[in-house]
1. Could you please let me know if residue 72 is within 8 Å of the ligand (Cβ to nearest atom), in contact with a Leu (Cβ under 9 Å, 6 or more places away or on another chain) and modelled with pLDDT under 95?
2. Could you tell me whether any residue of the stretch 32-54 is basic (Lys, Arg), free of Cβ contacts under 8 Å to residues at least 60 places away in the same chain, within 10 Å of the ligand (Cβ to nearest atom) and more than 24 Å from residue 97 (Cα to Cα)?
3. If a residue counts only when it is closer than 27 Å to residue 6 by Cα and open to solvent by 60 Å² or more (accessible area, probe 1.4 Å), which strands (runs of 3 or more DSSP E) contained entirely in the stretch 20-110 have at least 3 such residues?
4. Could we say that residue 17 is touching a helix residue (DSSP H, G or I) at 6+ places or on another chain (Cβ under 6 Å) and either open to solvent by 60 Å² or more (accessible area, probe 1.4 Å) or at negative phi (or both) here?
Amino acid sequence: MNRFKVVPGSQADFEEVWTTRETHLRGVRGFVTFHLLRGPKREDHTLYSSHSVWRSRADFEAWTQSEAFRRAHRDAGSNRPLYLGHPEFEGFEVIQTVESGAPTQRAKER
Ligand code: HEM
């Protein structure tokens, strides 16, 4: 997850940068899913997170050194005025997963 503190009044522009971008993620080895998340609104910013899920840490690290990553970030610097300071990267490892699925389906079948 990369966290961005977006300055008041720039939320729409920030969301537009993301939602209209040309993504280079599809087909990258180990890529699972991507979300742009909007979080709490504070006095001086609204928190956003770009959240990507990868099959393994090695796949994620390979992507950060790939041409797909370079292409996705070619113009990223030009969007600096939209947020405070630097984006903050935090990597997480999945310890436990719980998903909806089998139990709900069984309930429906009955
Ligand atoms: C390890 C660090 C980073 C990770 C994991 C990361 C993650 C991502 C991901 C998953 C995307 C979407 C790529 C696609 O759809 O192909 C992206 C795009 C983007 N990233 Fe990063 N990023 C990192 C570093 C940075 C930094 C340092 C900046 C700010 C200078 C930044 C700003 C952006 C912006 C603005 C976009 C949208 C691209 C556009 O302008 O169209 N990222 N990033």
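The values are calculated or read from the model by the stated rules, or taken from the named source; none is laboratory data. Just so it is clear, the structure is predicted and the values come from calculations on it, not from any experiment. Cβ atoms come from the backbone with ideal geometry, glycine included; neighbour counts cover every protein chain shown. Please note that ligands, DNA and RNA were not included when accessible areas were found on the heavy atoms of the full protein model with its side chains. Shrake-Rupley method; radii C 1.70, N 1.55, O 1.52, S 1.80 Å.
1. Yes: the conditions hold for residue 72.
2. No, the stretch 32-54 contains no residue that is basic (Lys, Arg), free of Cβ contacts under 8 Å to residues at least 60 places away in the same chain, within 10 Å of the ligand (Cβ to nearest atom) and more than 24 Å from residue 97 (Cα to Cα).
3. Fully inside the stretch 20-110 and qualifying: 31-41, 83-89.
4. Taking the combined requirement at face value, the residue satisfies it.
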